[in-house]
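The values are calculated or read from the model by the stated rules, or taken from the named source; none is laboratory data. What you are looking at is a predicted structure, and each value in this text was computed from that prediction instead of being measured. Every residue, glycine as well, gets a Cβ built from its backbone with ideal geometry; the counts of neighbours run over all protein chains shown.
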Amino acid sequence: MVDAPVSEIASAAEPSGLPARRAALDILMLVRAGQPFDAALENCRSFGALAGADRGFARALASTVLRRQGSLEALLAPYLDKPLPKRAERAMDILRLVAAQTALMGIADHAAVATAVDLARSFKETQGYAGLINAIGRKIARSGKSAVEKLPVRADTPGWLWRSWERAYGPNGVRRIAEAHRREPPLDLTLKPGVEPAACAERLGGAVTPLGGVRLTNAGPVAALDGFANGDWWVQDAAAALPARLFGDVAGKTVLDWCAAPGGKTMQLAAAGAAVVAVDSSGPRLKRVAENLQRTGLRAETVKADLLNWTPPCPVDALLLDAPCTATGTIRRNPDILWARREEDISVLISLQAKLIERAVLALKPGGVLVYSVCSLQPEEGERQIEQALERIKGVRRVPLAKAELPGLPEAITAVGDLRTLPSMWPDIGGMDGFFAARLVRT
């Protein structure tokens, strides 16, 4: 594990509630340094030292700051004569933490403000901001809740993303997406064949989804859940489980899973009886695929390779290309993406995606099926990417999805027969990730 810089004067006997808030701050500092939210959770020592309710609170607090950062900064702005300097990012995050607790999470004002001041005093770089944090924290505690309720829903979405989604999904669609991003997502499990969904859901205190997975709220540490150790299931958002289903019956077929890590789709295909070759450019991420396969008792070959320069020994029956993308469809679970992505990132990614699609088609037998997917809400990476591929690549055609293939989710099938899920779908049971997928066949 690694960690954000630790307090120089932290006491061994810290006030109640301070360790969890310190862990939330450390997580945020790792995210500000460039780590994805899930990696920051895994790498943060102070978070790893927590257990039970403290651990859950620290995660929720850090997630709320990222999820509602735009609203929090709008609350804080009237009390700052000018933005704090870049070197004071930790002090700014302490302000965001106290505002999140009092205005959004219903935490007692005194506890939120007092621990914020304690945090500021425990770092040399923020000691000089302790008085400011105390003063602003008290003001936000008095008026923040009513003020945040008056802010527009678009406050928590960067302007370029809002405009992109409004063009793609309309004014009502973008508002529903932004509202879905404000809520903590449930945890979805894909079950191994033979595991009965209703019984699994009952054991775990969850519910069976319309697509046959199990959905949990307030799940706690995944490795501690019943069925994890003996491989009954794996974590996989309901939307992420859809692309592998588009192949139909794969028993006995050779299927390539490109960009395979962390392995959810590899396990789906292996569980369905396919001979799977999981290919990824990252050795550490492929190691995680292998660990997941071992835990679940499923088999697949793993290959570390640069897919722009790798060719399979012979053409295959099917290929799943879950291409690198902006991942804007996973903001529910990775709220750091809101602030980490830039509009200029897209052009590099769509160029890579186009090259991978061309190579994927060449890896197929005649009649072989390609499923292209991205966990992105950006049409440039999904709908437009496929339309351009169909115009550019000879000898390939679309195979539209039928409603019977997605029971319980017919609204996810587009007019031309591709798959498009949105975070606002399934609103009554917690939503889902945004995904695009298209099914093509080599003629």
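Within segment 32-64, can you find the residues that are crowded, with 24+ Cβ neighbours inside 10 Å and aliphatic (A, V, I, L, M)?
Of everything in segment 32-64, those that are crowded, with 24+ Cβ neighbours inside 10 Å and aliphatic (A, V, I, L, M) turn out to be Ala40, Ala58, Leu61, Ala62.
Do we have Phe228 as touching a residue at least 12 places away in the same chain (Cβ under 8 Å), among the aromatic types (Phe, Trp, Tyr) and farther than 21 Å from Cys325 by Cβ here?
yes
What is the residue count in segment 410-427 for residues that are modelled with pLDDT under 95 and either within 23 Å of the chain's Cα centre (by Cα) or crowded, with 16+ Cβ neighbours inside 10 Å (or both)?
Result for segment 410-427: 0.
Pairs, please: C-beta under 7 Å, at least 6 apart or cross-chain, first residue under 25 Å from Glu383 (Cα atoms) and aliphatic (A, V, I, L, M) and in segment 150-167, second in a helix (DSSP H, G or I) and modelled with pLDDT under 95?
Pairs that qualify, where the first residue is under 25 Å from Glu383 (Cα atoms) and aliphatic (A, V, I, L, M) and the partner is in a helix (DSSP H, G or I) and modelled with pLDDT under 95: there are none.
Quick one: Leu320 ticks every box in (1) under 30 Å from Gly70 (Cβ atoms); (2) touching a residue at least 60 places away in the same chain (Cβ under 8 Å) except a single one, so which number is it?
(1)
Do we find that Gly329 is modelled with pLDDT under 95 and outside the structural domain of Asp93 (by TED's automatic domain parsing) in this structure?
Here the answer is no, as Gly329 does not meet what is asked.
Being among the hydroxyl-bearing types (Ser, Thr, Tyr) and either assigned to a helix (DSSP H, G or I) or under 16 Å from the mean Cα position of the chain (by Cα) (or both) is the filter here; which residues of segment 13-52 pass it?
Ser46
Condition check ((1) among the polar types (S, T, N, Q); (2) at negative phi; (3) not in a strand (DSSP E or B)) across all residues:
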| site | (1), (2), (3) |
| --- | --- |
| Asn218 | yes, no, yes |
| Asn230 | yes, yes, yes |
| Asp237 | no, yes, yes |
| Ala241 | no, yes, yes |
| Val255 | no, yes, no |
| Leu269 | no, yes, yes |
| Val276 | no, yes, no |
| Val279 | no, yes, no |
| Gln294 | yes, yes, yes |
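Any idea which of Glu196, Glu184, Glu166 is more than 28 Å from Arg288 (Cβ to Cβ) and surrounded by fewer than 19 Cβ atoms within 10 Å (Cβ to Cβ)?
Among Glu196, Glu184, Glu166, only Glu166 is more than 28 Å from Arg288 (Cβ to Cβ) and surrounded by fewer than 19 Cβ atoms within 10 Å (Cβ to Cβ).
Within the set of pairs 6+ apart or on separate chains, which have a first residue in segment 198-217 that is farther than 19 Å from Leu409 by Cβ, a second that is assigned to a strand (DSSP E or B) and of a type in the set (Val, Ile, Thr), and C-beta atoms under 8 Å apart?
Taking only residues 6 or more apart or on different chains, the pairs are Ala198/Val208; Cys200/Val214; Leu204/Val214.
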